[in-house]
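Coordinate-derived values only; no laboratory data. These figures come from a predicted structure and were not determined experimentally. FYI the Cβ positions are ideal-geometry reconstructions off the backbone, even for glycines, and counts take in every protein chain you see.
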Amino acid sequence: MSHSFVNFIIKRSLSTTTVRHGKRNFRKFPIYNKRGSRNFKLQQSENPDPDVPVHKRGVRDVAYKDGDKLILIPEKIPELVVPDLTDFKLKPYVSYRAPDVVQSQFTAEDLFNVVYAPKILKDFENGKLDDNGQPLEPSADEKMTAEEAKLKARQTGSDIF
């Protein structure tokens, strides 16, 4: 007499995919650059498949391909500007006992009051303004054209005064 036993043990399972798509819904879990061999990745970089995303880990391209040529864009190459600190007197750390500095937002009006207002007030008190309110003896900053002012504002370190 042969008996066949059927295993009817109830198991609990957890499925992370929707029932509608079954176990084939891998687009829901993007795993960048984790699958495939080295040869597959080399082939992928030569002939990219639009369905397989290539994750560059936050690194931006500094060149683009034009046919077979690789064209480098020099403006996109990062440039590190490191100051020379040979005779710098301050320590390279801030103590935890240093008091917190609370400062209000520096507005355009504050900038005007710091840079231009003292000269205008001094010219007004000394009577060095013409009928239109323009200075009779303009400084170098007042003689600048709009293009020169824009170039000076974009220079490195122009925000430090």
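A few notes on this one:
- Sorted on the mean count of surrounding Cβ atoms within 10 Å across their residues, most packed first, peptides 85-96, 108-119 read 108-119, 85-96.
- Förster radius 22 Å - calculated FRET efficiency between Asn113 and Leu90 (Cβ-Cβ, nearest 0.05): 0.15
- Database remark: amide H of Ala63 closer than 5 angstrom to the amide H of Ile73 (H placed geometrically; neighbours at sequence offset of 5 or more, or on other chains; Pro and chain starts carry no H).
- Shown is the FRET efficiency for Arg97 and Asp66, computed with R0 = 35 Å from the Cβ-Cβ distance and rounded to the nearest 0.05: 0.05.
- FRET E, pair Leu136, Leu80, Förster distance 35 Å, beta-carbon r, rounded to 0.05: 0.15
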